[in-house]
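Below is one structure; the comments refer to it alone.
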Amino acid sequence: MIEHVSTFDPTLVAPIQQLLDQLTKQPINFGEEQLQALVESENSHLFVLREQEQIVGMLTIGYYLSPTGCKAWVEDVVVDKEHRGKEYGRELINHAIRFCEERLAPCTLMLTSNPMRVAANALYRSSGFEPKHTNVYKYDCL
């Protein structure tokens, strides 16, 4: 079951931190302040996937308006390593697509994925995402 997290619940912090630890080797300190800011943001939507009562996956959709239209980004897609291979990633991505089609259309839904994440990239292509031939740059404002 996929749940849209729209109210602050401190019991979500630990399972989200565990998923983030599996997503990246970069240390991310996710705490109550970050969760509260995320769920209170008008332009961010956090979704968690539960198997029974346990959180086993998540993703975030962030969106904004620009002169060229609505842009939405899928971020932080992760399924717990013990629960992979059950099509949970596909379930999350399909949910993100439906959410954007129902709530944000017309909108361009985008995501990035490390080329080394072979299964994830295959999932995104099979879900209708197309590679965009552009460079992605980042700048960390500290």
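The values are calculated or read from the model by the stated rules, or taken from the named source; none is laboratory data. From a predicted model like this one, the values you see are computed outputs, not experimental measurements. No Cβ is skipped: glycine too gets one built from the backbone with ideal geometry, and neighbour counts run over all protein chains shown. Surface accessibility is based on the protein's heavy atoms, side chains included, excluding ligands, DNA and RNA. Shrake-Rupley method; radii C 1.70, N 1.55, O 1.52, S 1.80 Å.
Accessible area per residue was computed with a 1.4 Å probe on protein heavy atoms; residue 9 scores about 50 Å². Among the trypsin sites (Lys or Arg not before Pro) in segment 1-83, those located in a DSSP loop and surrounded by at most 16 other Cβ atoms within 10 Å of their own Cβ are 25. Which residue fluctuates most in the GNM of the chain (Cα springs below 10 Å): 16, 61, 28? With Cα springs under 10 Å in the chain, the top fluctuation among 16, 61, 28 is at 28.
Taking a ≥ b ≥ c as the square roots of the Cα gyration tensor eigenvalues, with a/c under 1.5 meaning rounded and otherwise prolate when a/b beats b/c, else oblate, which class fits segment 1-58? Since a/c reaches 1.5 but b/c is at least a/b, the shape of segment 1-58 is classed as oblate. Listed values for segment 19-24 are Karplus-derived 3J(HN,Hα) couplings in whole Hz (6.51 cos²θ - 1.76 cosθ + 1.60, θ = phi - 60°), namely 5, 4, 5, 7, 6, 9, and x replaces Gly and Pro. Once each of the chymotrypsin sites (Phe, Trp or Tyr not before Pro) sitting in a DSSP loop with at most 12 other beta-carbon atoms within 10 Å is removed, the chain keeps 1-136 as its longest stretch. A simple rule links phi to the HN-Hα coupling: the Karplus curve 6.51 cos²θ - 1.76 cosθ + 1.60 with θ = phi - 60°, which for segment 98-109 gives 4, 4, 5, 5, 7, 10, 10, 4, x, 7, 9, 9 Hz, with x for Gly and Pro. A straight Cα-to-Cα reach below 21 Å connects residue 138 with the lysines 25, 71, residues fewer than 8 places away in its own chain not being considered.
Rolling a 1.4 Å probe over the protein heavy atoms gives segment 46-92 an accessible area of 52 Å² per residue.
Share of carbon and sulfur in the accessible area of segment 29-121 stands at 48%, probe radius 1.4 Å.
A Förster radius of 25 Å combined with the Cβ-Cβ distance from residue 41 to residue 112 puts the calculated FRET efficiency at roughly 0.80. For residue 57, the residues whose amide H sits under 5 Å from its own are 49, 80, ignoring neighbours fewer than 5 places away on the same chain, with H placed 1.01 Å from N. Listed by chain and number, the aspartates and glutamates whose alpha-carbon sits under 13 Å from that of residue 81, ignoring those within fewer than 8 places in the same chain, are 21. Loop-located GluC sites (Glu not before Pro) in segment 38-73 (DSSP state not H, G, I, E or B) with no more than 12 neighbouring Cβ atoms inside 10 Å: 42, 53.
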